[in-house]
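The values are calculated or read from the model by the stated rules, or taken from the named source; none is laboratory data. Quantities reported herein were computed from a predicted structural model and do not represent experimental measurements. All Cβ positions, even for glycine, are placed from backbone atoms using ideal geometry, and neighbour counts span all protein chains on display.
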Amino acid sequence: MKVPYGGDYNPEQWPEQVWKQDYELFDAARIDTVTLGVFTWAQTQPAPDMYDFTTLDRIVERAAAEGRQICLATGTGALPPWLAKAHPEVNRTDFEGRRHRYGQRHNACPSSPVFRRLSAEMARRVAARYAGNPAVIAWHVGNEYGGACYCDLCAAAFRGWLRARYSTVERLNAAWNTTFWSHTFTDWDEIEPPSALTEHWRGPDHTAFQGITLDYLRFMSDAMLTNFRDEKRAIRESDPHTPVTTNFMGMYRPIDYHRWAPHLDFASWDNYPPDDTSQARMALTHDLMRGLKDGQPFWLMEQTPSYTASRDVNPLKRPGLMRLWSWQAVAHGADAVLFFQMRASRGASEKYHGAVIGHSGRSDTRVFREVAELGAELERVGGVTLGARTPARVALLFDWDSWWALEISDGPSRLVRYQQVVLTYHRALWDAGADVDVVPVTADLSRYDVVIAPALHMVKGDLAERLEQVASRGGSVVTTFLSGRVDEDDNAFLADVPGPLGPLMGIRIDEWDARGPEFVNPVCFDNGPIVDARLLLELVIPQGADVVGTYGEDFYAGTAAVTRNVFGAGYGWYVGAGLDQTGVCWVVRQVLDWHNLSGPYPDVPDLETAVRVTRDGTHLLFLLNHNPEPVEVVARAGGLDLLTGARVHIGQVIRLDARGVMVLRQ
Ligand code: GAL
């Protein structure tokens, strides 16, 4: 047993003579796992009533004969042209109402009965054919579900979804507050998808009715989930056990991965960070993916060994970065390290995308060498990390509904972006070296000492009570501006802001000030720094809470910006302003220090630490040096470095090379 290592492999794109060379190179790089058949539909079903698995058979047989494990795709990530021609309604209709013609990929209307029938049939046939092949270790359904469709089929399906949610038009009218602007619906058929032709006036985030737009986002995510479930069900007809997944895209707004997660057997995601300073962002995304299945390990399904191709500018990963980021994924819970792609396509839009094997097929490139070195390292480490869990005492709440509601809202500010707020708070935790679970608002919070809920715009169900329980038993809850504003239907609470969070936070807010990015109001902390606050400045009125930070300027100078409320044996912290990173780090450090939850090196910049606990209770401490220079620190714990075999003793100075990694078994 070891961490599966390999990735997307599309040998149908080149002659069979090349396959031999591929496998020789895979051997050299210790590639043991290949993801096959992600975009094979046109090949496996070349005509409506013709299925042809000749090529896929050869590919699968060859991989198995070569001793590789296979993550086998159903192949439905792109429509075949004949299908789009024969049934134009399988093509999507965009936000502007334009029915698309054949092209690109991820291009099917999720509500099309023809697409649903034929994609499920493809999954059924693929599974029936290859189930039982011991090389197949996972099924990969579709590819990167996403986007949206606004066609008449989706309109009809949306109405059905609404009926199931609201039962009566009256309830729907109440939820959408339709007496506003004379929108009272009297029949389900009057409801149109919210698009540029209907409720929207400046793109997908500018809507006259938040309720309908929010529900369409929920519906579209559910519609694509139905597509995934269609295929999974079809696979299960012949294979009851092999795990089924689909590759997610991390913090991807259109799909509510929390709603999807229960239907996947394990989570997996594709990591394409925007640049080589994304280490904290990637850590957050890994934590989010691990949180999808209650802390169970996930797969890193794709990453490039070198560069992407789809961006305007596609920077090269510096030496050592691919290894560092692969170990970062493992440190945060990845139980597989896979690339896109094993060999470069010759033509079309990904011909310049990085690959383990380039067009010339050489093994003496830097990239191949680094891939092979990591392969050898993973082989040496073996299976010790597999199944290991993260013992986090800190939870960060992440909520697609809040993300959507905040960003489709007119007012207070279009400049406040959910992801940015979450990133700032996670960054503070990451800087401090705390292990963090990024979890849905429905998660069991009883195992956490600290719960941070940035921009918790929507408060649903019993969340407020569960947060109160965290504080009651001695924990700390932190929330921010724009929290506790709306209920599940995106209607304001008929109460003081922050609505149901008010008692826990011990404050009320009557007014807020939204400003452009150039406007700064300093916030001064008691016994702390003076930091910048921007974008959204809430005038916090303590109702029992202690003032921790005050505004420095304007007519509200001297009034509260940050507060801390004693609640039971714990605290509710409220940060009413868009503090800069220094300010957020200061607040978060107060909270972590109170609970003694910072990592071993909170003051060493860009030295990341993460812990995983193996099934037999062994602690693995990962040290990841994201600096382009070496770092020296004093060992706070002893252990065996699994990468070098060296023993480390407490108090000893340990040196991590530039972009170096250490995995200490304690
Ligand atoms: C992923 C996708 C792959 C490939 C890759 C290129 O998003 O799943 O098929 O296109 O990007 O970076």
- Task: Quick one: in the range 598-630, of everything that is in a loop (DSSP other than H, G, I, E, B) and in contact with a helix residue (DSSP H, G or I) (Cβ under 8 Å, 6 or more places away or on another chain), which residue is farthest from ARG389 (Cα to Cα)?
- Result: PRO605
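Does PHE158 satisfy the condition of being in contact with a His (Cβ under 9 Å, 6 or more places away or on another chain), under 26 Å from MET249 (Cα atoms) and away from the ligand (no atom under 16 Å from the Cβ)?
Values: in contact with a His (Cβ under 9 Å, 6 or more places away or on another chain): no; under 26 Å from MET249 (Cα atoms): yes; away from the ligand (no atom under 16 Å from the Cβ): yes.
No.
With VAL136, VAL90, VAL169 as the choices, which residue is out of contact with any Gly (no Cβ under 6 Å at 6 or more places or on another chain) and closer than 30 Å to PHE493 by Cβ?
Values: VAL136 fails: closer than 30 Å to PHE493 by Cβ; VAL90 fails: closer than 30 Å to PHE493 by Cβ.
On inspection, the qualifying residue turns out to be VAL169.
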- Message: Just checking, does the range 256-273 include any residue being within 16 Å of the ligand (Cβ to nearest atom), small (Gly, Ala, Ser) and outside any loop (DSSP other than H, G, I, E, B)?
- Response: yes
- Message: With the structure loaded, tell me whether HIS595 is within 27 Å of VAL478 (Cα to Cα) and touching a residue at least 40 places away in the same chain (Cβ under 8 Å) or whether it fails that test.
- Response: yes
- Message: Condition (residue is over 31 Å from the mean Cα position of the chain (by Cα) and more than 24 Å from ALA348 (Cα to Cα)) applied to the range 78-86: is it met by at least one residue?
- Response: yes
- Task: Kindly list the number of the only condition in (1) without any contact (Cβ under 8 Å) to a residue 40 or more places away in the chain; (2) touching a Ser or Thr at 6+ places or on another chain (Cβ under 6 Å) that fails for ALA545.
- Result: (1)
- Among residues belonging to the range 467-489 that are in contact with a helix residue (DSSP H, G or I) (Cβ under 7 Å, 6 or more places away or on another chain) and surrounded by fewer than 24 Cβ atoms within 10 Å (Cβ to Cβ), point out the one that is farthest from TRP176 (Cα to Cα). ALA471
- Filtering the range 631-650 down to residues that are closer than 20 Å to ALA432 by Cα, touching a strand residue (DSSP E or B) at 6+ places or on another chain (Cβ under 6 Å) and assigned to a loop (DSSP other than H, G, I, E, B) yields ALA635
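In contact with an Asp or Glu (Cβ under 6 Å, 6 or more places away or on another chain), surrounded by 23 or more Cβ atoms within 10 Å (Cβ to Cβ) and more than 24 Å from VAL613 (Cα to Cα), is that true of ASN247?
Values: in contact with an Asp or Glu (Cβ under 6 Å, 6 or more places away or on another chain): yes; surrounded by 23 or more Cβ atoms within 10 Å (Cβ to Cβ): yes; more than 24 Å from VAL613 (Cα to Cα): yes.
Here the answer is yes, as ASN247 does meet what is asked.
Residues to consider are ALA196, ALA208; find the one that is within 30 Å of LEU415 (Cα to Cα), touching a residue at least 12 places away in the same chain (Cβ under 8 Å), touching a helix residue (DSSP H, G or I) at 6+ places or on another chain (Cβ under 9 Å) and hydrophobic (A, V, I, L, M, F, W, C). Steps first, please.
Numbers: ALA196 fails: touching a helix residue (DSSP H, G or I) at 6+ places or on another chain (Cβ under 9 Å).
So the residue among ALA196, ALA208 that is within 30 Å of LEU415 (Cα to Cα), touching a residue at least 12 places away in the same chain (Cβ under 8 Å), touching a helix residue (DSSP H, G or I) at 6+ places or on another chain (Cβ under 9 Å) and hydrophobic (A, V, I, L, M, F, W, C) is ALA208.
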- Could you list, in sequence order, the residues of the range 4-42 that are charged (D, E, K, R), part of a helix (DSSP H, G or I) and farther than 22 Å from ARG129 by Cα? LYS20, ASP22, GLU24, ASP27
- Taking THR55, is it within 16 Å of the ligand (Cβ to nearest atom), more than 30 Å from THR207 (Cα to Cα) and either buried (at least 18 other Cβ atoms within 10 Å of the Cβ) or not hydrophobic (A, V, I, L, M, F, W, C) (or both)? no
- How many residues, within the range 274-309, are buried (at least 21 other Cβ atoms within 10 Å of the Cβ) and in a loop (DSSP other than H, G, I, E, B)? 5
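For ARG323, are the conditions met, namely being away from the ligand (no atom under 16 Å from the Cβ), part of a helix (DSSP H, G or I) and in contact with a helix residue (DSSP H, G or I) (Cβ under 9 Å, 6 or more places away or on another chain)? Working first, answer last.
Working: away from the ligand (no atom under 16 Å from the Cβ): yes; part of a helix (DSSP H, G or I): yes; in contact with a helix residue (DSSP H, G or I) (Cβ under 9 Å, 6 or more places away or on another chain): yes.
Spelling it out, ARG323 is indeed away from the ligand (no atom under 16 Å from the Cβ), part of a helix (DSSP H, G or I) and in contact with a helix residue (DSSP H, G or I) (Cβ under 9 Å, 6 or more places away or on another chain).
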- Query: Of the numbered conditions (1) closer than 22 Å to THR442 by Cα; (2) away from the ligand (no atom under 16 Å from the Cβ); (3) surrounded by 23 or more Cβ atoms within 10 Å (Cβ to Cβ); (4) not charged (D, E, K, R), THR226 satisfies every one except a single condition; which is it?
  - Reply: (3)
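The rows are residues; the columns are (1) more than 14 Å from the ligand (Cβ to nearest atom); (2) not small (Gly, Ala, Ser).
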residue	(1), (2)
ALA280	yes, no
ALA283	yes, no
ARG290	yes, yes
THR304	no, yes
- Of the residues ARG427, ARG417, ARG380, which is surrounded by fewer than 17 Cβ atoms within 10 Å (Cβ to Cβ) and under 17 Å from the mean Cα position of the chain (by Cα)? ARG417
- Note on the structure: Flagged in the range 548-578 as in contact (Cβ under 8 Å) with a residue 60 or more places away in the chain, among the hydrophobic types (A, V, I, L, M, F, W, C) and either surrounded by 19 or more Cβ atoms within 10 Å (Cβ to Cβ) or part of a helix (DSSP H, G or I) (or both), in numbering order, are PHE567, TRP573, VAL575, ALA577
- Would you check which residues across the range 43-57 are free of Cβ contacts under 8 Å to residues at least 60 places away in the same chain and outside any helix (DSSP H, G or I) and list them? PRO46, ALA47, PRO48, ASP49, MET50, ASP52
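Taking the condition surrounded by fewer than 18 Cβ atoms within 10 Å (Cβ to Cβ) and more than 22 Å from VAL661 (Cα to Cα), does ASN596 pass? So that I can check it myself, show each step before the final result.
Values: surrounded by fewer than 18 Cβ atoms within 10 Å (Cβ to Cβ): yes; more than 22 Å from VAL661 (Cα to Cα): yes.
Here the answer is yes, as ASN596 does meet what is asked.
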- Item | Matching entry among ARG171, ARG159, ARG163 (being of a type in the set (Lys, Arg), over 26 Å from HIS263 (Cβ atoms) and outside any loop (DSSP other than H, G, I, E, B)) | ARG171
- Task: All but one of (1) touching a residue at least 40 places away in the same chain (Cβ under 8 Å); (2) among the hydrophobic types (A, V, I, L, M, F, W, C); (3) away from the ligand (no atom under 16 Å from the Cβ); (4) not in a loop (DSSP other than H, G, I, E, B) hold for ALA138, so report the exception by its number.
- Result: (3)
- Message: For the list (1) within 16 Å of the ligand (Cβ to nearest atom); (2) part of a strand (DSSP E or B), I need the number of the one condition that HIS106 fails.
- Response: (2)
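Just to check your reading of the model, which residue among LEU79, LEU72 is closer than 23 Å to ASP239 by Cα, buried (at least 16 other Cβ atoms within 10 Å of the Cβ) and at pLDDT 95 or above? Quick ask: steps written out before the conclusion?
Working: LEU79 fails: closer than 23 Å to ASP239 by Cα.
None of the other options fit; the residue is LEU72.
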- Item | Inter-residue pairs, beta-carbon under 8 Å, first of a type in the set (Val, Ile, Thr) and modelled with pLDDT of 95 or more and in the range 349-369, second in a strand (DSSP E or B) and surrounded by fewer than 17 Cβ atoms within 10 Å (Cβ to Cβ), 6+ apart | none
- In the range 1-52, anything touching a Ser or Thr at 6+ places or on another chain (Cβ under 7 Å), closer than 19 Å to TRP269 by Cα and away from the ligand (no atom under 15 Å from the Cβ) is listed as VAL3, PRO4, TYR5
